Amino acid sequence: MSNMRSYCYNCMRSLCLCEHIQTIDNQLDVVILQHSKEQKNNKNTAILLNLSLKKSQFIRGKNFDEFLANLLHEKNYLLVFPKLDQHNSSDIIPTAKDSKIDGIILIDGTWKKARKIYYESKILQNLPKIYIDNKSNQYIIRKSPAPNALSTYEAGVFALEILGEQKTQVLMERFKTFMEMSLSSVSEYKREKL
């Protein structure tokens, strides 16, 4: 019995989930800004979302202002980010009918790292935001700070759904499969260690 585990450099998992990824042809662009320290996190969902979307950009770093300035030069994006002030109603999401929305931006990192990226970027702070209310967390392999604290994958899929993107149900079905496989992998690994 070997304690060495294989690693997939495509889905960034010790248990490869690539054969379970179903890529959809999304209409809205999805930009994922990942904190550089999240790269080696085996429970991270951002790469799975990126691999599941045909129109997706995955950028890793800590400061994204130069990239964002170029991206937003002639395009309209919404930032998917939790409501920081429950009483602030100034950030009402525009609907697809109200304005031309080219895509969404997600910040991927721990809550602390995501907030730091947000607060250090005036560009991100000034973007119109899309909030996801009344959705419960289905990310069962990692402890969340609140029941409605979503993984990057879930937040991206729910935001796309709100904006009228098709095939989001397929993405959530795949997410459940990812979670089930990850749980079984953890259980198997614990048994191997005995």
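The values are calculated or read from the model by the stated rules, or taken from the named source; none is laboratory data. The model shown is predicted, which means the values in this text are computed figures rather than measured ones. Here Cβ is always computed from backbone atoms with ideal geometry, including for glycine, and neighbour counts include all displayed protein chains. Areas reflect the complete protein model, heavy atoms only, side chains present, ligands, DNA and RNA absent. Shrake-Rupley method; radii C 1.70, N 1.55, O 1.52, S 1.80 Å.
Among the numbered conditions (1) surrounded by fewer than 16 Cβ atoms within 10 Å (Cβ to Cβ); (2) modelled with pLDDT of 65 or more, tell me where residue 85 comes up short.
(2)
Filter the stretch 162-176 down to the residues that are charged (D, E, K, R) and under 19 Å from residue 47 (Cα atoms) and list them by number.
Filtering the stretch 162-176 for residues charged (D, E, K, R) gives 165, 167, 173-174, 176.
Correct list: 167, 173, 174, 176.
If I ask for residues that are closer than 17 Å to residue 9 by Cα and in contact with a Ser or Thr (Cβ under 6 Å, 6 or more places away or on another chain), which ones from the stretch 53-77 would you list?
The answer is 60, and nothing else.
Residue by residue through the stretch 159-173, note down the ones that are at pLDDT below 90 and either open to solvent by 60 Å² or more (accessible area, probe 1.4 Å) or part of a loop (DSSP other than H, G, I, E, B) (or both).
Across the stretch 159-173, the qualifying residues are 166, 167, 169, 173.
Here's the yes/no breakdown for (1) crowded, with 17+ Cβ neighbours inside 10 Å; (2) at pLDDT below 90:
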residue	(1), (2)
104	yes, no
109	yes, yes
121	yes, no
128	no, no
136	no, yes
142	no, yes
148	no, yes
157	yes, no
186	no, yes
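Of the conditions (1) within 24 Å of residue 163 (Cβ to Cβ); (2) modelled with pLDDT of 85 or more; (3) among the hydrophobic types (A, V, I, L, M, F, W, C); (4) surrounded by fewer than 15 Cβ atoms within 10 Å (Cβ to Cβ), residue 72 clears all except one; give me its number.
Among (1) within 24 Å of residue 163 (Cβ to Cβ); (2) modelled with pLDDT of 85 or more; (3) among the hydrophobic types (A, V, I, L, M, F, W, C); (4) surrounded by fewer than 15 Cβ atoms within 10 Å (Cβ to Cβ), residue 72 violates only (4).
Filter the stretch 12-51 down to residues that are in contact (Cβ under 8 Å) with a residue 40 or more places away in the chain, hydroxyl-bearing (Ser, Thr, Tyr) and closer than 25 Å to residue 103 by Cα, then give me how many there are.
Within the stretch 12-51, residues that are in contact (Cβ under 8 Å) with a residue 40 or more places away in the chain, hydroxyl-bearing (Ser, Thr, Tyr) and closer than 25 Å to residue 103 by Cα number 1.
Could you please give the count of residues in the stretch 12-63 that are of a type outside the set (Gly, Ala, Ser) and part of a loop (DSSP other than H, G, I, E, B)? Outline the logic, then answer.
Initially, the stretch 12-63 is screened for residues of a type outside the set (Gly, Ala, Ser), giving 12-13, 15-35, 37-45, 47-51, 53-55, 57-60, 62-63.
Adding the requirement that they be part of a loop (DSSP other than H, G, I, E, B) leaves 12, 15-17, 21-23, 25-28, 39-45, 54-55, 62-63.
Residues meeting the conditions: 22.
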